[in-house]
Amino acid sequence: MAFMLRALKYRNYRLFFGGQIVSLTGSWITITATSWLVYRLTGSALLLGVVGFASQFPSFLLTPFAGIFIDRWNRHRLLVATQAMSMITSFVLAALTLTGTITIPWLIAVSIVQGLVNAFDMPTRQAFVVALIEDKNDLGNAIALNSSMFNAARLLGPTIAGAIIAASNEGWCFLIDGVSYLAVLGSLLAMRVGATRTTAGPHASPFEQFKEGWNYAYTHRAIRSIITLIALVCLVGVPYTVLMPIFAATVLHGGPHTLGFLMTASGGGALLGALYLAGRRSTVGLGRIIPMAASVFGVGLMMFAFSRVLWLSIALMVLTGFGFMVQVASSNTLLQIIVDDSKRGRVMSFFLMSYFGTTPFGSLIAGWMSERFGAPWTLALGGALCVAGAIWFATRSSLEYEIAPAFARADSLVE
């Protein structure tokens with residue numbers, strides 16, 4: 001167990017871990033409450049997709065350009081600013097809901113603002129973690145623990161949200177989320193960190209730096225393949241989350257508690273996947289694990305699509321959560337090892353653009369297809385395409401040879 005928690009020996013990382021797990025639990029409460037609020041107000045699968053699109057589309061547009069400034073600015077200060085702004089948006093959403101003035105246009109507007117903040121916040125968090133780990137041999141463990149933290153929150157958040165919604169309304173969920181940001185702000189301010197930026201070519205224009213980062217990511221075959229597979233899975237598979245209220249209410253004939261159970265099961269599977277990666281003693285071989293995990297995710301979605309029994313649906317959500325998290329965390333770890341530090345912010349921005357940026361388009365497509373063909377067939381098709389993408393990735397057999405020099409460089413950093 002101590003081996004699985006070895007990244008926690010660093011004080012700054014312990015502070016980051018503790019603050020983030022509280023805040024992320026609040027964020028998952030809000031995610032679950034938002035989807036239920038939209039479905040309660042409208043009963044529309046299409047509007048579920050529209051709200052999901054509004055919260056994620058700004059990330060698609062801005063995240064690649066945000067990476068330029070993340071490589072220039074102090075990442076610690078930037079993270080304090082983005083977390084403070086996220087807290088404000090949660091309080092605004094709580095006020096609108098508790099006063100009964102919330103409408104779909106208001107919800108879309110607040111979602112857009114939060115999406116703008118996330119465009120800077122998410123890649124900053126990814127790049128900032130590297131500065132908290134002194135021994136780069138522990139970087140893979142830190143990323144796996146980050147995934148564990150994220151999915152422990154994902155496990156708790158939907159369950160709490162389901163109970164709160166059943167007892168009162170969604171507004172209290174948003175209020176709790178706003179308060180939870182105080183934990184992460186406190187932990188960030190308590191850290192003792194030095195410079196957290198690496199500027200290559202200080203006289204280069206933002207456009208030149210963007211072009212440099214893009215060319216670097218595109219011409220590196222391993223980086224390009226990892227990002228492409230993530231983009232495909234997030235486009236056709238991850239939008240299953242916006243369809244969960246339909247499965248909970250219409251397919252499985254439940255209510256907010258059923259939605260909470262399904263989201264919690266997915267989070268539980270993802271937590272198991274993160275713990276599996278945290279227990280690995282080496283990051284070598286992750287290139288082979290990535291397509292296997294994507295296949296597990298796709299098969300789980302296809303089977304879930306046609307399940308009509310709650311216990312089986314919950315079990316399949318565990319499977320999908322496991323597969324997706326292993327793929328994402330393995331991809332994240334490989335990229336952090338492969339990429340040059342001077343380009344880390346930009347490459348992680350491209351990674352997160354593929355992760356979060358394609359999802360809003362998938363949410364719109366999933367909502368549109370569900371209105372016409374039904375949620376089960378929509379989800380089954382997405383799962384099949386995930387499996388096809390995994391097969392494509394697995395056929396690129398030379399990737400392991402391309403990645404090997406990066407592991408050698410990482411080892412030399414601590415010799």
* All but one of (1) touching a Pro at 6+ places or on another chain (Cβ under 8 Å); (2) at pLDDT 85 or above hold for GLY162, so report the exception by its number. => (2)
* To do: Answer yes if at least one residue in the stretch 118-125 is among the small types (Gly, Ala, Ser) and under 28 Å from SER266 (Cβ atoms), and no otherwise.
  => yes
* To do: Test VAL92 against the criterion of being more than 14 Å from ARG125 (Cα to Cα), among the hydrophobic types (A, V, I, L, M, F, W, C) and buried (at least 18 other Cβ atoms within 10 Å of the Cβ), and give yes or no.
  => no
* Structure fact -> Residues of the stretch 210-228 being in a helix (DSSP H, G or I), touching a residue at least 60 places away in the same chain (Cβ under 8 Å) and closer than 22 Å to GLN327 by Cα, in sequence order, are ALA217, ARG221, ALA222, ILE223, SER225, ILE226, ILE227, THR228
* Can you run down the residue pairs with Cβ atoms below 8 Å, 6 or more apart or on separate chains, where the first is in the stretch 281-295 and basic (Lys, Arg) and the partner is modelled with pLDDT under 75? => ARG281/PHE3; ARG288/GLU400
* Asked: Taking the stretch 280-294, which residues are part of a loop (DSSP other than H, G, I, E, B) and modelled with pLDDT of 85 or more?
  -> none
* Return a yes/no flag: does the stretch 317-333 have any residue that is free of Cβ contacts under 8 Å to residues at least 40 places away in the same chain, surrounded by 19 or more Cβ atoms within 10 Å (Cβ to Cβ) and touching a Ser or Thr at 6+ places or on another chain (Cβ under 8 Å). => no
* Asked: What single numbered condition from (1) at pLDDT 85 or above; (2) under 19 Å from the mean Cα position of the chain (by Cα) fails to hold for LEU15?
  -> (2)
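The values are calculated or read from the model by the stated rules, or taken from the named source; none is laboratory data. Since we're looking at a predicted model, the values are computed, not measured. Note: ideal-geometry Cβ built from the backbone for every residue, glycine included; neighbour counts use all protein chains shown.
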